[in-house]
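The values are calculated or read from the model by the stated rules, or taken from the named source; none is laboratory data. This structure is a prediction, so every number in the text was calculated from the model and none was measured. Counting neighbours? That spans all protein chains shown, and the Cβs are built from the backbone with ideal geometry, glycine included. Accessible surface is based on the protein model in full, side chains and every heavy atom, while ligands, DNA and RNA are left aside. Shrake-Rupley method; radii C 1.70, N 1.55, O 1.52, S 1.80 Å.
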Amino acid sequence: MATEAQDLVAPLPPNTRGLDFTQALQTRSVAPATASAATSGPVVRTERLSIYYGNFCAVREVTLDVPLCQVTAIIGPSGCGKSTLLRAMNRMNDFIDGVRVSGRLLFNGQEVYGSVFDPVELRRRVGMVFQKPNPFPKSIFKNVAWGPAVNGYRGNLAELVEESLRKAALWEEVKDKLNKSALALSGGQQQRLCIARAIAMQPEVLLMDEPCSALDPIATARIEDLIDRLKTQYTVALVTHNMQQAARLSDRTAFMLMGELVEVDATSHLFTTPRDQRTQDYITGRFG
Amino acid sequence: MNSTASATSSLRVAAGGTANLARALRRTREALIHVFLLACALVSIATTLAIVFVLIDQSIPFFREISPWAFLTGTRWTPLLEPRSYGVLPLLAGTVLVAGGALLVAVPIGVSTALYLSEYAPGWLRQIGKPFLEILAGVPTVVYGYFALSFITPEILRRCWPQTEVFNGASAAIVVGIMIVPTISSLCDDAFRAVPRSLREAGYAVSGTKLEVSTRIVLPGAMSGVMAAVLLALARAIGETMAVVLAAGMTPKLTLNPLESIQTLTAYIVQVSLGDTPADTIEYHTIFGVGLTLFAITLAVNLVAQRVLKRFHEVYE
Ligand SMILES: Nc1ncnc2c1ncn2[C@@H]1O[C@H](COP(=O)(O)OP(=O)(O)O)[C@@H](O)[C@H]1O
Ligand SMILES: [Mg+2]
């Protein structure tokens, strides 16, 4: 649907402000998948979703699809509602007093809000990685095993922990100190541990809220690498304020501004030929 | 514009004398208030030091007659009756029984209350919950003692165990337990709220339920804060006097049976203070020996609590 519309719109003048996304786009490991998702329907879909903090409308009538096995990036200036939107997708906003939601959120076509869908069950299938690494003040092993354990995991926990740590590219670094406190790890390791913790639940979707913003460039590169590999197995929604990161990692990019979804398109299109002037302004660094 | 500015400045010059005087007065007042506040602070410090001094000074005559070893290990406490015996263990046992029993009552209730307030209660309830508990802490302790004597013992304990004595350790432990619930719940509530929200979110994000997050993340995460709360409440339970005098009785007895009449360290001090024991006798000086013991115990508990609390604050910066 987006591709047809985009042909009709004359492309805006090319970037001139020194921010060049072509290189970032070229370093991508997989060509953006555009057709595959259309057949199976999105895993997560918001329909005219609005989210209020009291009377303040932080997200306004956003309709967005998060397609299967793709990375959907959500970009936009700070305070535009990216986190709020993301946190709606696993109902994490439920814990904030005074949050109201209107519109629809569909998970695999099933209504999430205002239905019998159990939020705890939703969070088993929709994992989340937070902006600041937030390991439990427990051992590395327990950090990964905690979620499956409380959810009555029947298999071999030790194997699950190892597999999850391997997928999170952390196993080699921590295999000899699984019983040491997770708080002794570096920031980047902690964040990979948090990713392992999310993966251990074998979720269908991974929500990531600026997972690299608290990390140094080397740790950031490792996490990006990891996300790039995870997307073959997981559906990822990635909030980032780093446009290079969105260009490198995502298949589709959504641009938000002041609570509204301005534009969503294949990443290669959004960064080269945005349809909306505001998107153009943002990616060329004119504000934000 | 210009003329008004110069007019005001000349006014200021004219008023300069009085302004200086006012400023000097203000400075003197500040200094006086400073001295006054300092004096107030010193009074409380001096009082504490004086108490410690009197305690030690007055217990020296006692420990000159009774060896501290005999005092601490003796199993009979009959300083007012023949044959006299000065073993403090029965009083210590009474205190331990009441304070320990009080913790058994208060820790589960206090910690659950705090967990409810910080994790479950809606905002408005949280707002009024704590002040309400603190009102509970303000009820005079003699009322609790009377409540134990006239309700808990006859209506509850004696219904279940008819052999229960009129004065008994159990009723004292129960009311002291109720008394220290606010201390525990209020401090635990603080400790739970100091656990970062991000940890709760991490728990919920891996499909934890509220109960799982509360008991397996928040509670362990606040454990040293909880320990400190329990210790501070313990210090209060050990020092509690009026309720214990009324409920537990005045019979120093080395027993673990909570249904018998016993006596605590504090209750003994009350007994002697109210009686007509002449000063400067060994009987009179016993209360300083007992008081010093009590002081040492509560001081130790408080110090440990402060240490634990400090460590808790270090965990989350
Ligand atoms: N708990 C909250 N209470 C009230 N307002 C909030 C809360 N969280 C976020 N907001 C507001 O909602 C808007 C969107 O916030 P957020 O989703 O965190 O933005 P982003 O992640 O894009 O930086 C901001 O204006 C922010 O101030
Ligand atoms: Mg954010």
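Considering only C-alpha atoms, what is the centroid distance from the stretch B:220-252 to the stretch B:153-193, in Å?
That distance is 10 Å.
Using θ = phi - 60° and the Karplus form 6.51 cos²θ - 1.76 cosθ + 1.60, what ³J(HN,Hα) does each residue of the stretch B:133-149 get, whole Hz, x for Gly and Pro?
4, 5, 5, 4, 6, x, 5, x, 5, 5, 5, 4, x, 5, 4, 5, 5
For the protein assembly as shown, what is the mean residue ellipticity at 222 nm derived from helices alone (per DSSP H run of n ≥ 4: -39500 (n - 2.57); sum divided by total residues; nearest 500 deg cm²/dmol)?
-17500 deg cm²/dmol
Using Cα pairs closer than 8 Å and at least 6 residues apart in sequence, work out the relative contact order for chain B, in percent.
Reported relative contact order: 24 percent.
Using a 1.4 Å probe on protein heavy atoms only, how many Å² of accessible area do B and A hide from each other, summed over both chains and rounded to 100?
1800 Å²
Have a look at the stretch A:145-178 and report residues whose accessible surface goes down by 50 Å² or more when the remaining protein chains are included, against the chain on its own, probe 1.4 Å, ligands and DNA/RNA excluded.
Residues shielded by partner chains are A:W146, A:V150.
Calculate one ³J(HN,Hα) per residue across the stretch B:246-254 by plugging θ = phi - 60° into the Karplus curve 6.51 cos²θ - 1.76 cosθ + 1.60, and present them in order as whole Hz with x for glycine and proline.
With the stated coefficients, the stretch B:246-254 comes to 5, 8, 9, x, 9, 10, x, 8, 8 Hz.
Could you work out what % of the accessible surface of the protein assembly as shown is carbon and sulfur, using a 1.4 angstrom probe and leaving DNA, RNA and ligands out of the count?
Solvent-exposed carbon and sulfur of the protein assembly as shown make up 62 percent of the total.
By the gyration tensor of its Cα atoms, with a ≥ b ≥ c the square roots of the eigenvalues, what is the shape of chain B: rounded for a/c under 1.5, prolate for a/b over b/c, or oblate?
oblate
What lysines could a cross-link reach from A:K175, if we take a straight Cα to Cα line under 19 Å and drop same-chain neighbours fewer than 8 places away?
Candidates past the 8-residue exclusion: A:K138, A:K142, A:K167.
In degrees, nearest 10, range 0 to 90: what is the angle between the Cα axis of helix B:2-65 and the longest Cα principal axis of chain B?
With rounding to tens, the tilt is 10 degrees.
Quick one: 3J(HN,Hα) in Hz for the stretch B:115-132, Karplus 6.51/-1.76/1.60 with θ = phi - 60°, rounded, Gly and Pro as x.
Each residue of the stretch B:115-132 in turn: 5, 5, 4, 7, 10, 9, 5, x, x, 5, 5, 4, 4, 8, x, 5, x, 4 Hz.
Just to be sure I understand the interface: list residues from the stretch A:97-116 that lose 30 Å² or more of accessible area between the chain on its own and the complete protein assembly, 1.4 Å probe.
A:D97
Cα axis of helix A:140-150 to longest principal axis of chain A: angle in degrees, 0 to 90, nearest 10?
Orientation of helix A:140-150: about 80 degrees from the principal axis.
Enter the angle in degrees (range 0 to 90, nearest 10) between the Cα long axis of helix B:223-239 and the first principal axis of the Cα atoms of chain B, meaning the one along which they spread out most.
The answer is roughly 60 degrees.
Per residue in the stretch B:213-229, which ones lose no less than 30 Å² of accessible surface when going from chain alone to all protein chains (1.4 Å probe)?
Those residues are B:R216, B:I217.
Counting only heavy atoms of protein chains, what accessible area per residue, in Å², does the protein assembly as shown have with a probe of 1.4 Å?
48 Å²
Could you point to the residue in B:V175, B:T28, B:M227 farthest towards the positive end of the protein assembly as shown's charge dipole, with +1 and -1 charges on the Cβ of Lys/Arg and Asp/Glu respectively?
Positive-most Cα among the choices belongs to B:T28.
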